[in-house]
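The values are calculated or read from the model by the stated rules, or taken from the named source; none is laboratory data. Computed from a prediction, not measured in an experiment: that's the story for all the values here. Counting neighbours? That spans all protein chains shown, and the Cβs are built from the backbone with ideal geometry, glycine included. These area figures cover heavy atoms from the full protein model, side chains too; ligands, DNA and RNA do not enter into them. Shrake-Rupley method; radii C 1.70, N 1.55, O 1.52, S 1.80 Å.
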Amino acid sequence: MAVQALQRYDNPGRRFYTCRGRKVNHGYESCKFFHWYDVEKPQGWQHLALLEARDTIRGQKEEIRYLKEAMKAMTNDGERQLEIPVYEVEELKNCREECEFLKRQVLILSERSRVFRNVLISSSVGFVVVLGVMVSMGK
């Protein structure tokens, strides 16, 4: 049994249980078992934050791939110079700043969500206590 995470648009990062399959000759036969690990799909800002993070990661992976290829080309051809246009450097800098800003926003929103959840729980408990006092006074 293994826990894996989806990388698709409709359920990004959502985890599920599956089996690894059984070994057949030199490969593995697929397994038909599937069950969600998470209770429910992420909603609202959580879903949007996951989508934005996934897109940012994909962009960074492409950038890394491009830079690795450029480095490989430079090491294979010592005379060839890598020229990165100035606008791409600026765009990369802006993307990194935006990524850091989005990370901070996700942290702030998750903290707010936690505070609101605690306030809701406290308010519910207080309401039940007051209701219990009122009922006991009425008897």
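Run down ARG65, ARG54, ARG96 and say which single residue is open to solvent by less than 70 Å² (accessible area, probe 1.4 Å) and part of a helix (DSSP H, G or I).
Just one listed residue meets the conditions, ARG54.
Of the residues ARG112, ARG117, which single one is surrounded by 11 or more Cβ atoms within 10 Å (Cβ to Cβ) and among the basic types (Lys, Arg)?
ARG112
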